[in-house]
Each structure stands twice: as structure tokens, then as C-alpha cells.
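Taking it in order: structure first as C-alpha cells, then the write-up.
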Amino acid sequence: MFRIWKLAIMAVLLTPALALAEEAPVSDVTFILNTFSFLISGVLVMWMAAGFAMLESGLVQSKNVAIICLKNIAIFAIASVLYYLIGYNLMYSGVDGGFIGQLGLWFADDAAAKGGDFALGHTAGSDWFFQMVFVATAASVVSGTVAERIKLWPFLTFCAVLTAIIYPIQGSWTWGGGWLSNLGFADYAGSSIVHSVGGWSALTGAIILGARKGKYRKDGSVNAIPGSNLTLATLGTFILWMGWFGFNGGSALALGTVDAILEQSTVYINTNMGACGGLIAAMLLLQILYKKTDLTMSLNGALAGLVSITAGPVTPSPLGAILIGAVGGCLAVLAVPFFDRLKIDDVVGALSVHLVCGIWGTLAVPFTNPEASFHIQLLGVASIGAFVVLCTSLVWLALKYTVGIRVSEDEEYAGSDTTELGLEAYPEFGQGSSKVRHR
């Protein structure tokens, strides 16, 4: 009896101390570590732009390599500027359970931190930087799908609208504390919010733009157009794989506590295992279906696994991450001929990877996360898809019937490097150098 009273007295005495511990202010060390996580993870995600550039450069024909490189570096610059001018506040300022934030120029308000109050947990600028690199990734997805037949400036104009308005609005529904967030929609690092948005944008663009000349024959068969450099495509995949650790790991949004570092460790492991599962499953399925394994499809299998695990990399076990990635890898292999049957020309397979597996990864979250609802996940996928398809279709059509979005047939045959840029990525292999050698 005495022991019970002793425990009760201790509990009463300790309650105020526990309450104070729960309300303890964020230390400067925690503030610094959280900020560092945002910044270094943002750098890794920015490095993914190089991955997209190398992957797409390897999968397009040599006559279009220079322009694909220019597009990818220009996308990052445009996204950065417009997310500063419009996008961030539209996504995060005053959403309050609604459908859209506020228009206005973003600025870093670190007055509290300068005064010794670290309650925000990180610098305002580090948060902006980390969110900015995500919108650039969404725009990069579009580039590869519509490559080899789209004009440079209309494409960049589309990317400007996507990064300034379309992406931030749908992002406000979830990460900005909007209506989907209130319903419990779960998308940890953006299988839907980032990757499927890029995929839906690419899909509408590919349909409105049309296929490359000669891609689909009159008899219904598909004319495969090989890429110029599979070494570059492989390098691009490795870079993207590496950058994904920042993409998913940084989405823990903290580093300054034991719980946060444990979460990041889990996310890093599951991100890697998802990619491995996607690659291995794609290779095996290709061998079964076609009696040989294709490098480009295998590379996309790894990326498909990464996209698939992105929506929920915290809750699965490593084995679960492998299985989620493996399903994604198989879906990517099956989706490529599906889009070809529909005569939707996707140069790099981005629709199969980012759209199909973005949807799969989002719907797979409830398998390992009991707090997620399949119905809410499905509602989120459908809502984001409908909004992006409607908005991007309007933008693509407006560009098509005003300035035009497609190069001429002669320009497509010659390649956009020479017709739009006046240079070649590999001049020593070009027709001009050949003429010089044979004089």
C-alpha cells in the first residue's frame, strides 16, 4: 500500500516537469541540424536535374542532345525564379484547409531566430530551398516525354506556368495544409504531388503534340528509335538514384532529434531497396516476356521502384520496400507497350515511370501504414490527376493555337540542335564534319 502511495506522489511531483519537458524550446543545435538537413537534401535533389539531363541525353537521338541539355538546365532556373515570385506563397501561405494559398513575393522571415527563438525549427530560407527543388523535378519529368519534336520556347513557357501556378495549387492541398491534408491523404515525398503531376503534364503534352514522324507505322507496328548514348543514360540513372536519398530522406523535415534520425535512416534504406526491387523485377520480367533483358527498360525499372516507394518510405520493412518497388518495376515494363498501343509517343518512358508508378506508390501506402485510407488515397490521386489534366491541357492547347508547339517536319528530321540552337552536341560525328573529311 505504501509503495502505491509513493508512486502516486512521485507522479504528481513529476507531472509539471514532464509538461515542461514537452514544451521545452527548440535548442540552437536542433535548429542548426534541421536547417542543415534541408539544405544538403535540397542540394541532392537539385543534383537530380543533372540526372534527368544525362538520362534524357542518352535516350534521345544525337541530333537532339544539346537542346535536351539546355531544356533541363533552363527548367531549373525558371522553376527557381517563379517559385520565389509566386509559387511558394501560393502553396504554403494561408491555405488553412482550403484549395489555394496567397499571391505574393516570398521572403525569409528569420527575425525570431535572430532573437534567440528557434521554435520554427529551421531557417525559413532552408525550407524554401528544399521545397523549390521539388517543383523543378516535376517539370523535368515533362522534358523527356515530349522530346525531339517540340519547340524550345513554347516548352519553356509551359514549364513556367506549371511551376508558378499548377504545381503549387495542387501542392497546397496536401503539403500546404489544404483540404486533402485534412482528410488524411498521405504522400510522404511526392509520388503523386511531384511525380504524377509531372506524368499527367507529360501525358497531355504528348497527346496534343503528337508522335514523332515514323514512330508508328501504318500497319500498327512500332518503329523503335534508339537513343544515342546508353552510357549517359546509365549515369543519369545513378545520379537520380543518389539524389533520391535527399528527395525522400530530406522529407523527414528534421534531423535534430533521435526520432528524426531514426526516421531518416529508415527512409534511406527503404528508398534504396525500392530501387533494387524495381530494377531486378524489371530485368526478370523482360527476360520472361522477350527472352532478353533490355538496358533502358531495366534503368526505368530502378526509377519506377524509386517513384513507387516515395509516397510511403517510412512504414514498410525493407522487404516490403523491395516488393513495392518490384511491382513498380513490373508496371513500368508493361506500361511502355500499353502507351505504344495508344500511339502516345514517350521518348524516355517517363509516363510509365512517373505517372503509372506515382499512382501505384500512392495507392500502396495503406498496405503498410494503418493510418492511411485507400479511399482517401484514391480520392487524392483522382483529384490531383483531374486538376492537372484540365489545367495542362488548356495551357498546351493555348500554346498550340497561338505560337505553335511543334517543329516542322524538316526541322524534326534535321534535329533541334541545329535548327533551334545552331550547333551540335557531337559535331565530330555530324554531317558537316563528314563533308570536310571527304573533300
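The numbers here are math on the coordinates, done by the rules we state, and not lab data. If you're wondering where the values come from, they're calculated on a predicted model, not measured in any experiment. A quick note on method: Cβ atoms are made from the backbone with ideal geometry, for glycine too, and the neighbour counts reach across all protein chains shown.
If you count, for each residue, the other Cβ atoms within 10 Å and average over each peptide, how do 88-99, 314-325 line up from highest to lowest? Write down the numbers at each step before the final one.
Values: 88-99: 18.8, 314-325: 21.1.
Averaged packing, sorted descending, gives the order 314-325, 88-99.
Round to the nearest 10 and give me the degree value, 0 to 90, for the angle of helix 318-341's Cα axis relative to the longest principal axis of the chain.
Roughly 30 degrees between the two axes.
Among 292-301, 217-226, how do they line up from the highest to the lowest mean number of other beta-carbon atoms within 10 Å?
Descending packing order for the listed peptides: 292-301, 217-226.
How would the stretch 295-387 be classified by its alpha-carbon gyration tensor: rounded, prolate or oblate, with rounded meaning a/c under 1.5 and the a/b versus b/c comparison settling the rest?
Details: a/c = 2.80, a/b = 1.36, b/c = 2.05.
Oblate is the answer for the stretch 295-387, as a/c is 1.5 or above yet b/c matches or exceeds a/b.
Mind checking which aspartates and glutamates have their C-alpha under 19 Å from K114, skipping anything on the same chain fewer than 8 residues away?
Straight-line reach from K114, under 19 Å: D28, D127.
May I ask you to list the aspartates and glutamates whose Cα is less than 18 Å away from that of K215, ignoring any residue fewer than eight positions away on the same chain?
Of all the aspartates and glutamates, those that pass the test against K215 - Cα under 18 Å, at least 8 places apart if same chain - are E56, E148, D340, D345, D346, E409, D410, E411, E412.
Below 8 Å, C-alpha to C-alpha, sequence gap of six or more: please give me the relative contact order for the chain in percent.
The normalised contact order for the chain reaches 23 percent.
Using Cα atoms only, what is the angle between the long axis of helix 295-310 and the major principal axis of the chain, expressed in degrees (0 to 90) to the nearest 10?
30 degrees
Which of the aspartates and glutamates could a cross-linker span from K343 if the Cα-Cα distance has to be under 13 Å and same-chain partners fewer than 8 positions apart are dropped?
Result set, ordered by chain and number: D219.
Rounded to the nearest 10 degrees, what's the angle between the helix 28-59 long axis and the longest principal axis of the chain, both from Cα atoms, 0 to 90?
Computed tilt is about 20 degrees.
Given q = 0.07, 0.09, 0.10, 0.12 Å⁻¹, what are the Debye log10 I(q)/I(0) values for the chain, with equal point scatterers placed on the Cα positions and solvent ignored?
Ignoring solvent entirely, the Cα scatterers give -0.37, -0.58, -0.70, -0.98.
By per-residue mean of other Cβ atoms within 10 Å, what is the highest-first order of 240-250, 334-344, 415-425?
So the order, starting with the most tightly packed, is 240-250, 415-425, 334-344.
On full extension of the chain, what length is gained from S27 through D259, given 0.36 nm per residue of separation minus the C-alpha to C-alpha distance? Present the calculation step by step, with values, prior to reporting the outcome.
Details: separation 232, 0.36 × 232 = 83.52 nm, distance 1.55 nm.
Extra length available between S27 and D259 comes to 82.0 nm.
Under the rule a/c < 1.5 gives rounded, and otherwise a/b versus b/c splits prolate from oblate, where does the stretch 228-324 land using the Cα gyration tensor?
Judged from the Cα gyration tensor, the stretch 228-324 comes out oblate (a/c at least 1.5, b/c at or above a/b).
Jot down the per residue volume, in cubic angstrom and as a whole number, of the convex hull over the alpha-carbon atoms of the stretch 76-157.
116 Å³
Evaluate E = 1/(1 + (r/R0)^6) for F374 and F36, where r is the Cβ-Cβ distance and R0 equals 45 Å; express this FRET efficiency to the nearest 0.05.
For F374 and F36, the calculated efficiency is 0.80.
Determine the shape class of the stretch 181-253: with a ≥ b ≥ c the square roots of the Cα gyration tensor eigenvalues, call it rounded for a/c under 1.5, and otherwise prolate if a/b is greater than b/c, oblate otherwise.
Oblate is the answer for the stretch 181-253, as a/c is 1.5 or above yet b/c matches or exceeds a/b.
Projected onto the charge dipole of the chain (+1 at Lys/Arg Cβ, -1 at Asp/Glu Cβ, origin at the Cα centre), which of P337, T392, L423 gives the Cα projection farthest towards the positive end?
P337
In this model, which of K63/K291; K71/K292; K71/K291; K63/K400; K151/K291; K213/K291 are farther than 27 Å apart at the alpha-carbon?
Too far apart for the 27 Å limit: K63/K291; K71/K292; K71/K291; K151/K291; K213/K291.
Picking from I165, A189, G210, whose Cα lies most toward the positive end of the charge dipole for the stretch 152-276 (charges on Cβ: Lys, Arg +1; Asp, Glu -1)?
Toward the positive end, the furthest listed residue is G210.
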